[in-house]
Structure formats: C-alpha cells, structure tokens
Amino acid sequence: MSSDRLFKFTRIAAVTSLVAVAGLLSACQVRPLYAVSTGVTQKLSEVSFSDVGTRVSQEVRNQLVFIAGRGAGETKTPKYNVDLNVSSGTGGVLYLPSSDTSGAGRTTVNASFTLKEISTGKVIKSGSRSVTSLVDFPTQEFAKLRAIRDSEDRAAREVAEMVAADIAAALSR
C-alpha cells in the first residue's frame, strides 16, 4: 500500500514540475537579434561614430560603419552617437636565443565605446572589448612589418564585430 502512495506522489510531483517548467519556458523571449520586429537594423543605420586618430582605430571605425550601415555608409541624420577609443600593441612572445629576436608575437586591440542618444545625451550602453591576434615574425624586416599590420587588421575586424553586436543588443531593448 505504501508503494502505491509513493507512486501516486511521484506521479503528481512529476506532472506539477512539468507544468511549472512549461510555464517558465513560455515566458522566455528568445528572438533573433536582427529580426524585423525588433527594428535593430533601422536603429543601427541611425548610428554615427566618432572620429579617430590612428590607423588601427580607423580600421575599427570603418568596419563599424560598414556593419551598421549594411554597406551603405554613415547616415546623414544620426539619432545615436558612439564615442570610440581604440588602442593596440604588438609584442614578441617566442624568444629565439640564437638570433636574439622573437619568432612570434601577439597583437592586442582594445576598444572602449559609449553609445549615446543624441537628442537627450543619455548613455544607452558603454563597454570595452579586446581581441588578441597571433603573428609570426619573419626574418625580413618588411615582411615582419606587413605581418604585424595584417595581425592588427584581423584583430580590428574582430573587435569591431564584437562592439557592433554589443551596440545592436543595446538598441534592441
């Protein structure tokens, strides 16, 4: 008899927990970031980006303008502005004692941003992102400089995509 009661109790508990989980999952609002219903694509096209000074920061800015405008360029009448600060550096990590040089290195690009609504000056989102790109240093000096530049470009594109995703997520709310 006690086994029947235990079975009934277990069955009721299982059904109750199943209904509770179904209720919780129905409240979940997962939707695509760039869905038409969110209006993110339209809001992204209304974002302008601050001017920058270095070559790497210009790479980040150009990529952000391309992502936000879907290739159409920057808007003439922005509703949002992004203050962008980018820094980068390259250092050797694999020391070669025979030639007293590094054989490999890493390039790090850091981007900090602040998304503001232009009409009110209200800060919608601020944050920072960092990307590290690995690079091999050839023995020829020009090839080494070009490898570092390519590494900076790769890291700049990656950090721009991360910042654009942060901006899009903030504008979707």
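The values are calculated or read from the model by the stated rules, or taken from the named source; none is laboratory data. Remember, it's a predicted structure, so these values are computed and weren't measured experimentally. Neighbour counts run over all protein chains shown; Cβ positions are idealised from the backbone, glycine included. Quick note on the areas: whole protein, heavy atoms, side chains included, nothing else; ligands and nucleic acids left out. Shrake-Rupley method; radii C 1.70, N 1.55, O 1.52, S 1.80 Å.
Once the 1.4 Å probe is applied to the protein heavy atoms, the stretch 90-173 comes out at 58 Å² accessible per residue. Packing around the peptides 149-158, 46-55, taken as the average count of other Cβ atoms within 10 Å per residue, puts them in this order, highest first: 149-158, 46-55.
Kindly state, to the nearest 0.05, the FRET efficiency for ASP51 paired with MET162, given R0 = 22 Å and r defined as their beta-carbon distance.
Numbers: r = 21 Å, r/R0 = 0.95.
The pair ASP51/MET162 has a calculated efficiency of 0.60.
Given R0 = 35 Å, the distance between the Cβ atoms of THR41 and VAL15 translates into a calculated FRET efficiency of 0.20. Only lysines eight or more places from LYS122 in sequence, or on another chain, were considered; those with a Cα closer than 27 Å are LYS43, LYS76, LYS79.
Viscosity 1.002 mPa s, temperature 20 °C: give me the Stokes-Einstein translational D for the stretch 62-160 in µm²/s, with Rh taken as the Kirkwood radius over C-alpha pairs. Kindly include the intermediate steps, with their values, before the conclusion.
Working: Rh = 15.6 Å.
This corresponds to a translational diffusion coefficient of 137 µm²/s.
Our summary gives the stretch 101-145 a relative contact order of 43 percent, counting only alpha carbon pairs under 8 angstrom and 6 or more residues apart. Note on THR90: accessible area approximately 60 square angstrom, rounded to 10, probe 1.4 Å, nucleic acids and ligands left out.
Treating r as the C-beta distance of LYS76 and THR132 and R0 as 30 Å, the FRET efficiency rounds to 0.25.
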